[in-house]
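Please read the structure below before turning to the comments.
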Amino acid sequence: AIHLAHRLRAAYPDGQLYADLAGDTDHPASPGTVLGTFLRALGVPGTAVPEGCEERAALFRSVVAGRRLLVVLDNAADERQVRPLLPGGSGCGVLLTARTRLSAIAGCHFVDLDVFPPVAALALVEKIVGAARVAAERSSAVALIDLCGHLPLAVRIAAARAAASPDAPLAWLVAQLTDERRRLDELRIGDLDVRSSIATGYAALGEDERRVLRRLALLDAADVAVWTVAAVADLPVAAAQRAVRTLVDRRLLDEAGVDHCGQMRYRFHGLIKLFARERADEEPAEA
């Protein structure tokens, strides 16, 4: 999002506004607080900034009317948080990122970010550890990104760990990641942690969705239909469908296509399945 905002700078000559909405935390940013920051950045004196969110939103739209501004709203929680922050002028653009698809906001063009294709994942490893090192151990580099499931954060962490140990062969790191029971432990460096990233999405789920995730992870099936979800989670089919829809929206399950019976199939990303299997310890033994 930041990269795209820089590339769009010429199209929005009156400037850019940025806010981290902290949507994946326990304390998402208040729209009123963000509007106060925007208004002061646009030259409104602090004493002239209204107290209420609605009044701030109205003033914000008045101030940006006729301007060409790009507003970057990063890490949004939901539509209610975002709506007051949308400028009214047609000359402004909004670049919005969120863990879930905010379908209730009208006029959006959605771009779903999937995992890296192999070429992009390998290119990231080359930029971090060096093209010469990757060329010398290309098969190990390919195995490394495969074990990361091409997940951008996981690839970034694995490459950073390799760069931090320049004398160790890439094959050594591959060996560390091969053990599924340790893989999430290995995919962390500094404040980057795959397990914590997935846990943030898991923490925002209801109990039905958590149970579905935990129990599905115990199956060895490549993909499942909703009736399977209902059976393993002890839910009515309608409730299972709602739970699966939430998990797909939160990118914790992926749609795998329609089967010959006309039913949508669902599957895990490998690292999310490992996380869910860890959480399956919360299930009673009889389940």
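Give me the pairs, please: first residue somewhere in the range 227-254 and touching a residue at least 60 places away in the same chain (Cβ under 8 Å), second residue anywhere and of a type in the set (D, E) and assigned to a helix (DSSP H, G or I), beta-carbon distance under 9 Å, and either six or more positions apart or on two chains.
R250/E209
Quick check on this structure: which one of R210, R214, R245, R251 is surrounded by 13 or more Cβ atoms within 10 Å (Cβ to Cβ), within 20 Å of the chain's Cα centre (by Cα), more than 30 Å from E186 (Cβ to Cβ) and not polar (S, T, N, Q)?
None of the other options fit; the residue is R245.
I need every pair where a residue in the range 28-42 that is modelled with pLDDT under 95 has its Cβ under 8 Å from the Cβ of a residue that is of a type in the set (G, A, S), sequence separation at least 6 or different chains.
What qualifies is P28/A22; P28/A77.
Scan A143, A132, A98 and give me the residue that is under 21 Å from A204 (Cβ atoms) and open to solvent by 20 Å² or more (accessible area, probe 1.4 Å).
The unique qualifying residue is A98.
Would you confirm, using the coordinates I've provided, whether A19 is part of a loop (DSSP other than H, G, I, E, B), among the hydrophobic types (A, V, I, L, M, F, W, C) and either at pLDDT 95 or above or surrounded by 13 or more Cβ atoms within 10 Å (Cβ to Cβ) (or both)?
When the stated conditions are applied, A19 does not pass them.
Could you pull out the residue among V63, V71 that is open to solvent by less than 60 Å² (accessible area, probe 1.4 Å), closer than 16 Å to D14 by Cα and touching a Cys at 6+ places or on another chain (Cβ under 8 Å)?
V71
Would the range 50-72 turn up any residue that is free of Cβ contacts under 8 Å to residues at least 12 places away in the same chain and either touching a Ser or Thr at 6+ places or on another chain (Cβ under 8 Å) or among the basic types (K, R) (or both)?
No - not one qualifying residue is present in the range 50-72.
Within the set of pairs 6+ apart or on separate chains, which have a first residue in the range 103-125 that is surrounded by 11 or more Cβ atoms within 10 Å (Cβ to Cβ), a second that is in a loop (DSSP other than H, G, I, E, B) and not hydrophobic (A, V, I, L, M, F, W, C), and C-beta atoms under 6 Å apart?
V115/H150; F116/H150; A121/H150
The values are calculated or read from the model by the stated rules, or taken from the named source; none is laboratory data. Everything quoted here is computed from the prediction, not taken from an experiment. So basically every Cβ, Gly included, is an ideal-geometry build from the backbone, and we count neighbours across all protein chains shown. To get the accessible areas, we keep the full protein, side chains included, count just its heavy atoms, and leave off ligands, DNA and RNA. Shrake-Rupley method; radii C 1.70, N 1.55, O 1.52, S 1.80 Å.
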